[in-house]
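K.L.:
Input: one structure, supplied below.
The values are calculated or read from the model by the stated rules, or taken from the named source; none is laboratory data. All values reported here derive from a predicted model rather than from experimental measurement. Here Cβ is always computed from backbone atoms with ideal geometry, including for glycine, and neighbour counts include all displayed protein chains.
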Amino acid sequence: MKPQILLPEGGFHNDRIADHRDKHAYRDLSTICFIPTLGMIHAKSVQSWLSMMPPMNAKFARVFLIGMEVGEAYEQMVDLIRANPDLKKWKYVLTLEDDNTVPPDGILKLYEDIESGPWAAVGALYWTKGEGGKPMAYGRPQDMPKNFVPWLPAADSVEEVNGLGMGCTLFKMEMLLDEKFERPMFKTEQRYEPGKGVVAYTQDLRFFENAAKLGYRFACSTRVLAGHVDRESGFVW
């Protein structure tokens, strides 16, 4: 060993603290998790939620919306947030639906993904139920005319879409507080208009269509793979 004269050392990273100031600054990941349900939730969903890792050193609260039609439940969610001065200061909203399962690190990856681009919302990849299930990633922005045709993004990617499901989706709070949205923001519609035909919207795609008109953009993350539970059989699609 060569002779040395030992002087006090701050450490590799402390000596380069200016380089890390922005990279490792505290991030506000405060999140309200809203779960609409009719009241009965399969144990497979509950078990996965209990295993989900919320962000360390950040506020994380779960709110159940019980006994409402799903569009009405999400509309009540918006009303609750907008009426509460404290909740309006939180950074994110996570929606979980009562027949979805999520991986333990799912929300941690969604935080990374939503901050990786111009996204106002990022959703996990999950599929409609049944053998002919479709990926709940709706429409490529580059396709014209604009549509909500389901398609499968590449594996382990974050790709822009026109719309998402809400079974495991992270939203920036600032979008939900945007007063430019027409109310209701979330509404399930199914009606017949003479001369036009059938008009049908689930609450999620109706919301994303209107949000896109305001300039917001969204992505599906295939880094987070969520399951879709059949309540009767317990099979996870």
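K.L.:
Can you tell me which residue in segment 149-173 is farthest from ALA120 (Cα to Cα), limited to those that are among the acidic types (Asp, Glu) and surrounded by 13 or more Cβ atoms within 10 Å (Cβ to Cβ)?
P.N.:
Step one: filter segment 149-173 for residues among the acidic types (Asp, Glu), giving 156, 159-160.
Now narrow it down to the ones that are surrounded by 13 or more Cβ atoms within 10 Å (Cβ to Cβ): 159-160.
Numbers: GLU159: 13, GLU160: 11 Å.
Filtering segment 149-173 for residues that are among the acidic types (Asp, Glu) and surrounded by 13 or more Cβ atoms within 10 Å (Cβ to Cβ), the one farthest from ALA120 (Cα to Cα) comes out as GLU159.
K.L.:
So, one more: What are the pairs with Cβ atoms under 7 angstrom where one residue, in segment 116-142, is at pLDDT 95 or above and the other, located anywhere, is among the basic types (Lys, Arg) and not in a strand (DSSP E or B)? Sequence gap at least six, or different chains.
P.N.:
These pairs meet every condition: PRO118/ARG217; TRP119/ARG217; ALA120/ARG217; TRP127/LYS134; THR128/LYS134; GLY139/LYS146.
K.L.:
Now for a separate question. Determine which member of the set ARG183, ARG206, ARG231, ARG223 is assigned to a strand (DSSP E or B) and among the basic types (Lys, Arg). Spell out the reasoning first.
P.N.:
Values: ARG183 fails: assigned to a strand (DSSP E or B); ARG206 fails: assigned to a strand (DSSP E or B); ARG231 fails: assigned to a strand (DSSP E or B).
Criteria check complete, one pass: ARG223.
K.L.:
Kindly establish whether THR128 is touching a strand residue (DSSP E or B) at 6+ places or on another chain (Cβ under 6 Å) and either more than 25 Å from GLN203 (Cα to Cα) or not hydrophobic (A, V, I, L, M, F, W, C) (or both). Please lay out each step first, then the result.
P.N.:
Working: touching a strand residue (DSSP E or B) at 6+ places or on another chain (Cβ under 6 Å): no; either more than 25 Å from GLN203 (Cα to Cα) or not hydrophobic (A, V, I, L, M, F, W, C) (or both): yes.
Criteria not met by THR128.
K.L.:
Looking at segment 194-237 only, could you name the residues that are loosely packed, with under 15 Cβ neighbours inside 10 Å, among the basic types (Lys, Arg) and closer than 28 Å to GLU112 by Cα?
P.N.:
Answer for segment 194-237, where residues must be loosely packed, with under 15 Cβ neighbours inside 10 Å, among the basic types (Lys, Arg) and closer than 28 Å to GLU112 by Cα: just LYS213.
K.L.:
Please enumerate the residues belonging to segment 104-148 that are crowded, with 17+ Cβ neighbours inside 10 Å, in contact with a Ser or Thr (Cβ under 6 Å, 6 or more places away or on another chain) and among the charged types (D, E, K, R).
P.N.:
ASP113
K.L.:
Please name all residue pairs, on different chains or six or more residues apart, with Cβ atoms under 9 Å, provided the first residue is in segment 160-183 and is under 25 Å from VAL149 (Cβ atoms) and of a type in the set (Phe, Trp, Tyr) and the second residue is at pLDDT 95 or above and not in a strand (DSSP E or B).
P.N.:
Hits for this filter: PHE171/ILE114; PHE171/ALA120; PHE181/VAL78; PHE181/MET175; PHE181/PHE207; PHE181/ASN210; PHE181/ALA211; PHE181/LEU214.
K.L.:
A further question follows. Name, by its number, the condition in (1) modelled with pLDDT under 95; (2) within 29 Å of SER51 (Cα to Cα); (3) surrounded by fewer than 20 Cβ atoms within 10 Å (Cβ to Cβ) that does not hold for ARG191.
P.N.:
(2)
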